[in-house]
Amino acid sequence: MSHVVLTTTTANADDAERIARTLVQERLAACVQVSEVKSWYVWQGKEHAESEALLTIKTRAALQEEVCARILALHDYEVPEIVATSVVFGSEAYLAWIDAQTQGAQS
């Protein structure tokens with residue numbers, strides 16, 4: 001199976017933890033890491049510098065569209081960042097663990 005790492009940001013740790021917990025409980029992700037980050041961006045013509053929570057989501061590539069849809073349903077942002085990066089290499093045992101943890105998911 002092929003694997004992806006998805007990222008998204010939220011306005012705070014509580015929102016990040018809610019999304020992370022849901023994705024893991026629904027077996028859409030094997031692991032979600034939450035980190036504090038500072039983001040600089042332009043939104044609606046205005047420059048922003050905000051503290052955010054970054055979610056790093058590990059899952060199977062077959063689930064990436066379902067994960068994206070779930071993030072969109074749970075997210076408070078009007079246009080949340082959702083970016084998937086293909087895993088080109090990983091520990092065989094770790095990737096097998098991701099597969100095992102996400103077997104209960106739909107795709």
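Net charge within 10 Å of A30 by Cβ-Cβ distance, Lys/Arg positive one each and Asp/Glu negative one each, not counting A30 itself?
Local charge sum for A30: +2.
Using only the alpha-carbon atoms, how far is helix 13-25 inclined from the longest principal axis of the chain? Give it as 0 to 90 degrees, nearest 10.
20 degrees
In nm, to one decimal, how far is the modelled label at T22 from the one at E50, with both set 7 Å along Cα→Cβ?
1.7 nm
Out of S39, A69, W97, whose Cα points farthest toward the positive end of the dipole of the range 3-101 (charges: +1 Lys, Arg; -1 Asp, Glu; placed on Cβ)?
Of the candidates, W97 comes out farthest on the positive side.
Work out the length of the dipole vector of the chain about its Cα centre, built from +1 on the beta-carbon of each Lys and Arg and -1 on the beta-carbon of each Asp and Glu, and round it to the nearest 20 debye.
In total the dipole reaches around 260 debye.
Per the helix-only calculation at 222 nm, which mean residue ellipticity applies to the chain, given -39500 (n - 2.57) for every DSSP H run of n ≥ 4 and division by its residues, nearest 500 deg cm²/dmol?
Taking each H run of at least 4 residues, the total per residue is -9500 deg cm²/dmol.
Using Cα atoms only, what is the angle between the long axis of helix 92-101 and the major principal axis of the chain, expressed in degrees (0 to 90) to the nearest 10?
Around 80 degrees separate the two axes.
Which number do you get for Rg(Cα) / (2.2 N^0.38 Å) in the chain?
1.09
Among H3, H48, H75, rank each residue by its count of other Cβ atoms within 10 Å, from fewest to most, as a rough exposure measure.
H48, H75, H3
How far apart, in nm, are two points set 7 Å out from the Cα along the Cα-to-Cβ line at Q103 and at Y41?
Distance between the two pseudo-spin positions: 3.7 nm.
Values in this text are rule-based calculations from the coordinates and carry no lab data. Remember, predicted model here, so these are calculated numbers, not experimental data. Here the Cβ is made from the backbone with ideal geometry for all residues, glycine too, and neighbour counts use every protein chain on show.
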